[in-house]
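Have a look at the structure below, then the notes.
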Amino acid sequence: MRVLLSNDDGILAEGLHVLRRKLAEIAEVYVVAPDRERSACGHSITVHRPLRAQQVTLDGVAGPLWAVNGTPADCVKLALEALLPEPPDLVISGINLGANLGTDVLYSGTVSAAMEGAIGGVPSLAVSLDSTDTTLLPFAAAFTAFLCEQVLSRGVRPYTLLNVNLPNLPPAQIKGVAITSLGWRRYEKAVHRREDPRGRPYYWIAGEIRDDYGLDGSDVAALAAGKISLTPMHFDLTDYRLVEQLKTWELGAWLGPHRRVSNGRPPVEDSPGEPLA
């Protein structure tokens, strides 16, 4: 098994290397991670400056580890298309110290790195721990290694990732594994206005989490119940129920009298209300 490992906390993050050491017991592990913390950068990529990948030595071992001066999505894209000698069997992002639940996945660099792997056609995992207690990392790494073997033996749908969140509990107190959907996580008082020493205003985004625990089967509810949450995700954000509703709006009727031909001639005068073909 060949695994590409990345994150959004940077190449020196403890969660990355606890997981790296555990996966090395069962796989050939390549690490391509940001050269510094890039949390909450979402799925941004770098297009206006060069990307540089520098091989680094950690734990007295030289490579295959690269530090990249870009985002988590940059790291995975670069790894898949330029750095790795062969395509990986899995892409794993983590272990992040802090959960990535519900609407947070839209901002998460951790999830975005895994999503870039899924876009590249590689089964991917995003792994987060709902804690800053690093003593819980070895269990999270062991569960991730077990899950890797399950993914490879059983398979997942193409272009799909599994978003994994572990609760802030000792292993003996975890109440099981829940297969979940994305929940709803919002922040109150998210923008704080302050002033610098010269009296100029600046703003700090740091809200108070208000989770909706009432969503049955959600990742938010699972963690609140002391369970590991496992959410299958893909990049198709289409609301298919609304697609069918929109088809009844007869939008083409308005467009009919306003159509123009593309060769610069005067507008084509259609009869009022004529739908587009």
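Things worth noting here:
- Whichever aspartates and glutamates have a C-alpha closer than 13 Å to that of Lys189, once near sequence neighbours (fewer than 8 apart) are set aside: Glu208
- Over the residues of the chain, the helix contribution to mean residue ellipticity at 222 nm works out to -6500 deg cm²/dmol, using -39500 (n - 2.57) for each DSSP H run of at least 4.
- Sorted fewest first by neighbouring Cβ atoms within 10 angstrom, Arg259, Arg200, Arg185 come out as Arg200, Arg259, Arg185.
- Between 0 and 90°, nearest 10: helix 14-23 axis offset from the chain longest Cα axis: 80
- Within-14-Å neighbourhood charge of Arg36 [Cβ basis; K, R +1; D, E -1]: -3
- Sum of side-chain charges, Leu84 neighbourhood, beta-carbon under 14 Å (Lys, Arg +1; Asp, Glu -1): -3
- Bridging of Lys227 to lysines at a Cα separation below 19 Å is possible for Lys175, once same-chain residues fewer than 8 apart are set aside.
- Ranked list, fewest to most other Cβ atoms within 10 Å of each Cβ, for Val156, Val122: Val156, Val122
- Estimated translational diffusion coefficient (Stokes-Einstein, Kirkwood radius over Cα pairs, 37 °C, 0.692 mPa s) of the chain: 157 µm² per second.
- Against the chain, whose longest principal axis is taken from its Cα atoms, helix 109-119 shows a tilt of about 70°.
- Cα-based helix-to-principal-axis angle, 137-154 vs the chain, degrees rounded to 10: 60
No value in this document is a laboratory result; all are computed from the given coordinates. Only a predicted model underlies this, so the values are computations on that prediction, with no experimental measurement involved. Counting neighbours? That spans all protein chains shown, and the Cβs are built from the backbone with ideal geometry, glycine included.
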